[in-house]
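Colleague: One structure, pasted below without further comment.
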Amino acid sequence: MIMRRHFIGTTLIGYALSVIAVTIFPIHPHPASYWAGDPFSDMLRWIPGDVDGPSFTLNVIMFIPFGILLPLLWRRSDGYLPMLLRSGLASTAIELVQLILGLTVGSRRTVDINDLIANTAGALIGLLILHLAVPDPDHRARVASSGRS
C-alpha cells in the first residue's frame, strides 16, 4: 500500500511539473517598448464563453489527471465539491502566476477566465472517470489511506 501511495504521489508530482512546464514556461521577457502599443486589458480575458475551442479542450484534458490522482492520494478530495474547490484554486494559482509574469517580465501569457472554467471541468471529469472506474468508495479509500491493507 505504501509503495502504491509513493507511486501515485510521484506521478502527481510529475504531472504537476508538466502542467507548470506547459502553463508557465518558457518565459520570454519582452522589453517595455514591446508593450507600448498594447493596452493592459489585452492581457485579461474575463468574459466567460468567448472561447478558443482547441485551447479550451486542451485545458480540460490537461486537468483530467488532477481529478484522478488527487483523490487517490488525498482522501478528502474524493468528492465533487472538494475537487471543485481544489482544482479551482490550482487553476487560479496558474492564472495569477501568468498575470504576475505578464506584468513584470512581459511573458505575453493571457489570463483567461475560460482556462479556469476548463481546468475545473477537466478535474471534475477526471473525478467522474475515477468514480466510474472504481465505484466502491471503500476501495478508493483503501488506495488513499496510508495504512496497510
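The values are calculated or read from the model by the stated rules, or taken from the named source; none is laboratory data. Just so we're clear, the structure is a prediction, and the values are computed from it rather than from any experiment. Cβ placement follows ideal geometry from the backbone for every residue including glycine, while neighbour counts extend to all protein chains displayed.
Colleague: Under the condition of being hydrophobic (A, V, I, L, M, F, W, C), exposed (fewer than 10 other Cβ atoms within 10 Å of the Cβ) and in a helix (DSSP H, G or I), which residue from segment 18-46 is modelled with the lowest pLDDT? Walk me through it before giving the result.
Modeller: Step one: list which residues in segment 18-46 are hydrophobic (A, V, I, L, M, F, W, C), which gives 19-22, 24-25, 27, 32, 35-36, 40, 43-44, 46.
Subsequent filtering for residues that are exposed (fewer than 10 other Cβ atoms within 10 Å of the Cβ) retains 32, 36, 40.
Subset that is in a helix (DSSP H, G or I): 32, 40.
On the way: A32: 57, F40: 51.
So the residue we want is F40.
Colleague: Continuing with this model, one more query. Could you tell me whether segment 98-111 includes any residue that is closer than 13 Å to N59 by Cβ, at pLDDT 95 or above and of a type in the set (S, T, N, Q)?
Modeller: Scanning segment 98-111, I find no residue that is closer than 13 Å to N59 by Cβ, at pLDDT 95 or above and of a type in the set (S, T, N, Q), so the answer is no.
Colleague: So, in segment 47-91, exactly how many residues are charged (D, E, K, R), within 22 Å of I20 (Cα to Cα) and modelled with pLDDT under 95?
Modeller: Step one: list which residues in segment 47-91 are charged (D, E, K, R), which gives 50, 52, 75-76, 78, 86.
Within this subset, residues satisfying the condition of being within 22 Å of I20 (Cα to Cα) are 52, 86.
When the remaining residues are screened for being modelled with pLDDT under 95, the result is 52.
Count: 1.
Colleague: Next question. Of all residues being of a type outside the set (A, V, I, L, M, F, W, C) and surrounded by fewer than 22 Cβ atoms within 10 Å (Cβ to Cβ) in segment 112-134, which is nearest to L69 (Cα to Cα)? Just the residue, please. Break it down stepwise before answering.
Modeller: Let us first name the residues in segment 112-134 that are of a type outside the set (A, V, I, L, M, F, W, C), namely 112, 114-115, 119-120, 122, 126, 131.
Filter once more, keeping what is surrounded by fewer than 22 Cβ atoms within 10 Å (Cβ to Cβ): 114, 131.
Details: N114: 23, H131: 12 Å.
Selected residue: H131.
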